[in-house]
Amino acid sequence: MLESLLPYARRSEPDWTARVTGVREEVRALLHDSIGPQAAVCGALRAVLPRDSVVARDVTIASSSWGNRLLEMYDPRSNVFPRGGGIGQGLGMGIGAALARPDSPTVVLAGDGGLAVHLGELLTLAQERPPLTLIVFNDGGYGVLRNMQDRYSERRSGVDLTTPDFEQLARACGLPYARIAAAEHAHPVLDHAVASGGPVLVEVDLAGLGPMKNPFTPPVTIPTA
Ligand SMILES: Cc1ncc(C[n+]2csc(CCOP(=O)(O)OP(=O)(O)O)c2C)c(N)n1
Ligand SMILES: [Mg+2]
């Protein structure tokens with residue numbers, strides 16, 4: 001079969017690999033730049049995590065903008081994301097992964113809104129105490145929907161939510177807590193949390209950390225009246 005195709009085979013462009021590598025680097029640099037201070041969280045995560053760590057992600061801006069794109073993954077089995085797009089499952093999936101792989105630290109990326117949907121899983125985390133760092137990106141609501149409403153509609157509705165005090169919530173559950181409120185906190189906080197060998201709730205205070213260059217909106221079509 002292959003032999004019969006040989007007469008049609010052509011040498012690929014000699015600099016093809018270099019061009020592809022160049023485009024990849026360019027796209028990654030653009031993305032890195034566009035996510036502003038969250039790039040520090042992305043970089044710190046990869047720096048402190050072993051290559052085989054599971055990173056389970058809920059459907060939050062941190063996942064859609066960089067966790068699913070910029071954060072390097074080395075094995076499909078460490079790459080856990082709910083393709084159906086439902087919010088709230090990230091922590092449960094991460095706990096499952098962490099209990100299945102107790103020798104490697106697991107990280108969960110969740111938004112404050114998504115975490116609220118399955119908040120009871122915090123108690124599972126507190127009970128089972130796997131080596132899991134739960135990073136909650138707190139922007140006080142459904143950030144991605146807020147961005148879409150700000151861009152495409154005249155007013156906001158149902159997107160600015162009551163969010164718990166995560167420090168008190170963690171304390172009530174007997175979970176260690178740490179906060180990232182500036183880019184320079186990312187590395188030491190995550191290093192400490194991952195090295196602790198147990199569960200930690202890390203809150204990313206997005207108001208403190210600062211905005212992305214462009215508010216993230218997903219590539220979806222909005223139906224018009
Ligand atoms: C079960 C479910 N309900 C609603 C939605 C619609 N939805 C998609 S993203 C999102 C906002 C999630 O908020 P949060 O977890 O705080 O992440 P943020 O967008 O603020 O980063 C919502 C409500 C969904 N995907 N799944
Ligand atoms: Mg949010």
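The values are calculated or read from the model by the stated rules, or taken from the named source; none is laboratory data. In this text the structure is predicted, and so the values were computed from the model without any measurement. Positions of Cβ are backbone-derived with ideal geometry, glycine not excepted, and every protein chain shown enters the neighbour counts. To get the accessible areas, we keep the full protein, side chains included, count just its heavy atoms, and leave off ligands, DNA and RNA. Shrake-Rupley method; radii C 1.70, N 1.55, O 1.52, S 1.80 Å.
So here's what we get for this one:
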{"quantity": "Pair Tyr152, Arg51: separation of 7 Å Cα→Cβ label points (nm)", "calculated": "4.1"}
{"quantity": "Net charge dipole size for the chain [Lys, Arg +1 and Asp, Glu -1 on Cβ; Debye, nearest 20]", "calculated": "440"}
{"quantity": "Farthest positive-ward along segment 34-172 dipole, Cα basis, beta-carbon charges - from Ser78, Pro164, Ala98", "calculated": "Ser78"}
{"quantity": "Selected from Gln89, Gly67, Val48, residue furthest toward positive end of dipole (segment 5-96; charges at beta carbon)", "calculated": "Gln89"}
{"quantity": "Segment 93-163: relative contact order as a whole-number percent, Cα under 8 Å and 6+ apart", "calculated": "33"}
{"quantity": "Approximate spin-label separation Arg171-Val27, in nm, with each point projected 7 Å along Cα-to-Cβ", "calculated": "4.6"}
{"quantity": "Efficiency of FRET between Arg129 and Tyr74 - r from beta-carbon atoms, R0 30 angstrom, step 0.05", "calculated": "0.70"}
{"quantity": "Those residues of segment 57-97 whose amide nitrogen sits under 19 Å from the label point placed on Leu119, 7 Å along Cα→Cβ", "calculated": "58-60, 87-93"}
{"quantity": "Solvent-accessible area of Leu115 with every protein chain in place, 1.4 Å probe, in Å² to the nearest 10", "calculated": "10"}
{"quantity": "Dipole of the chain, positive direction: furthest Cα of Asn214, Pro199, Gly36, with charges on the beta-carbon", "calculated": "Asn214"}
{"quantity": "Average accessible area per residue (Å²) across the chain - probe 1.4 Å, nucleic acids and ligands excluded", "calculated": "56"}
{"quantity": "Dipole moment magnitude, nearest 20 debye, segment 116-165 about Cα centre, only Lys, Arg, Asp, Glu C-beta charged", "calculated": "140"}
{"quantity": "The chain - percent relative contact order, Cα under 8 Å, separation 6 or more", "calculated": "22"}
{"quantity": "Segment 164-223 - percent relative contact order, Cα under 8 Å, separation 6 or more", "calculated": "34"}
{"quantity": "Charge dipole (debye, nearest 20) of segment 162-225; +1 at Cβ of Lys and Arg, -1 at Cβ of Asp and Glu", "calculated": "140"}
{"quantity": "Helix-only mean residue ellipticity at 222 nm for the chain, each DSSP H run of n ≥ 4 adding -39500 (n - 2.57), per residue, nearest 500", "calculated": "-11500 deg cm²/dmol"}
